[in-house]
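Novice: Supplied in C-alpha cells, the structure appears directly below.
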Amino acid sequence: MTETMKQIIDAEAMKRMITRLSYEIIEKNKGLEDVVLLGIRSRGSDIALRIAKRLEELEDTKVPVASIDITAYRDDKKEDTTYSNQEAVHFSITDKKVILVDDVLYTGRTIRAALDAVMDLGRPQSISLVALVDRGHRELPIRADHVGKNIPTAKSEEIVVLLEETDGKDGIYLK
C-alpha cells in the first residue's frame with residue numbers, strides 16, 4: 001500500500017458487512033426463493049460469490065450466482081469484449097428476483113449499463129442493487145437497495161476495494 005491510501009474498513013469489518021447484507025437480502029425477499037445474484041465484473045463478482053456463500057450458510061439454500069460484464073453497455077467506454085453474458089449466466093433470470101452486486105456505487109453509470117445487460121438476459125420479476133460502498137456523487141437517479149457502508153467522498157478522492165481473491169487481502173481504502 002502506498003502512504004497516500006488510508007484504510008477505512010478492515011477485513012473483519014468487511015466480513016461483518018457481507019453478513020449484514022446477506023441478512024438484508026433474506027429479509028427483503030422473505031427468504032431466498034427465486035433469488036439470483038449477478039456480480040458486476042470484476043470485484044462485484046467476487047462479492048456476489050461471498051454473499052452467495054454466506055446465504056447458503058445462513059439459510060442452507062444454494063443461490064444461483066453468475067458474473068456479468070457491462071463493458072459493451074457503457075455509454076462512456078465502448079470496447080469490444082469477448083465475454084458473453086449469455087454464456088456466463090447458466091440459469092434463467094426470467095421471473096427471478098435479480099440482485100445486482102457491485103463494489104462501489106459512484107455516478108450510477110455502471111449500474112445503468114448493468115440494467116441493460118440484465119434485460120438482454122431475460123425479464124426478471126425484480127432487480128435490486130447491493131453495493132459494498134456508496135460514495136455519493138450520483139449522475140443518474142440510481143440508488144442501492146442494500147449498502148455495506150456509505151462513505152462520503154470528494155470527487156477528487158477514490159475508494160479502493162481490495163479483495164483477498166484478487167489482491168491477497170481485504171480492505172477498503174480512501175485514496
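Novice: Which value at 222 nm does the chain reach when only helices count, each DSSP H run of 4 or more adding -39,500 (n - 2.57), with the total divided by all residues and rounded to the nearest 500 deg cm²/dmol?
Specialist: -9500 deg cm²/dmol
Novice: Now a separate question. Considering Cα pairs under 8 angstrom that are at least six residues apart, work out the relative contact order of the stretch 94-175 and quote it in whole percent.
Specialist: Averaging sequence separation for qualifying contacts and normalising by length gives 28 percent for the stretch 94-175.
Novice: Which of Ala154, Ala11, Ala131 ends up with the largest GNM mean-square fluctuation for the chain, with Cα atoms connected below 10 Å?
Specialist: Sorting by GNM fluctuation, first place goes to Ala154.
Novice: Calculate, in nm to one decimal, what Lys155 and Ser92 gain on full extension: separation in residues at 0.36 nm each, minus their alpha carbon distance. List each step's numbers first, then the result.
Specialist: Details: separation 63, 0.36 × 63 = 22.68 nm, distance 3.81 nm.
This chain segment gains 18.9 nm when fully extended.
Novice: So, with +1 on the Cβ of K and R and -1 on the Cβ of D and E, and no other charges, what is the size of the charge dipole of the chain about its Cα centre, to the nearest 20 debye?
Specialist: Dipole magnitude for the chain comes out near 440 debye.
Novice: What does DSSP give for the chain in terms of the percent of beta bridges that are antiparallel, rounded to the nearest 5?
Specialist: Rounded to the nearest five, the antiparallel share is 25 percent.
Novice: Further, regarding this structure: Multiply the residue separation of Asp10 and Lys30 by 0.36 nm, subtract the distance between their alpha-carbon atoms, and state the gained length in nm to one decimal.
Specialist: Stretched out fully, the Asp10 to Lys30 stretch lengthens by 4.2 nm.
Novice: Pairs of Cα atoms under 8 Å, at least six residues apart: use those to get the relative contact order of the chain, whole percent. Working shown, then result.
Specialist: Working: 337 pairs, mean separation 42.8, N = 175.
24 percent.
Novice: Please build a GNM for the chain, connecting alpha carbons under 10 Å apart, and tell me which residue among Ile151, Ile40, Ile111 fluctuates the most.
Specialist: Fluctuation is largest for Ile151.
Read-outs throughout are calculated quantities, based only on the coordinates presented, and are distinct from any laboratory measurement. If you're wondering where the values come from, they're calculated on a predicted model, not measured in any experiment. All Cβ positions, even for glycine, are placed from backbone atoms using ideal geometry, and neighbour counts span all protein chains on display.
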